[in-house]
1. Evaluate the Kirkwood expression for the hydrodynamic radius of the stretch 17-65, namely the inverse of the mean inverse distance over all pairs of different C-alpha atoms, and round to one decimal in Å.
2. What FRET efficiency do you get for residue 62 and residue 22 if R0 is 22 Å and r is their Cβ-Cβ distance, rounded to the nearest 0.05?
3. With label points built 7 Å along Cα→Cβ from the Cα atoms of residue 35 and residue 51, find their separation and express it in nm.
Amino acid sequence: MTNHDHSGHEPPPSGSFWRSRTGAVLIAFLAVGALLLAYEHRVHIFVGGWFPAVQLALCVGMHLFQHRGHGDRS
């Protein structure tokens, strides 16, 4: 048996995907896409009535307030 030297190998990067370079680029593309989509559909958003805005606000509110920490089981 031979003993291999693994000192030149780096451990896999640890940390969040969203804090990586790829995650930051994805966030930027999603933000630009959302702005362009909102710009193209601005008539429907601002003139289309109050119901779609209220429905969207309710969906976002339910999502934010019903998760309670994502797996914190204390």
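Values quoted throughout were computed directly from the atomic coordinates according to the rules given, and no laboratory measurement underlies them. Small disclaimer: the values here were computed from a predicted structure and weren't measured. Using ideal geometry, Cβ is built from the backbone for each residue, glycine included, and neighbour counts are taken over all protein chains shown.
1. 12.8 Å
2. 0.15
3. Placing both labels 7 Å along Cα→Cβ, they lie 3.2 nm apart.
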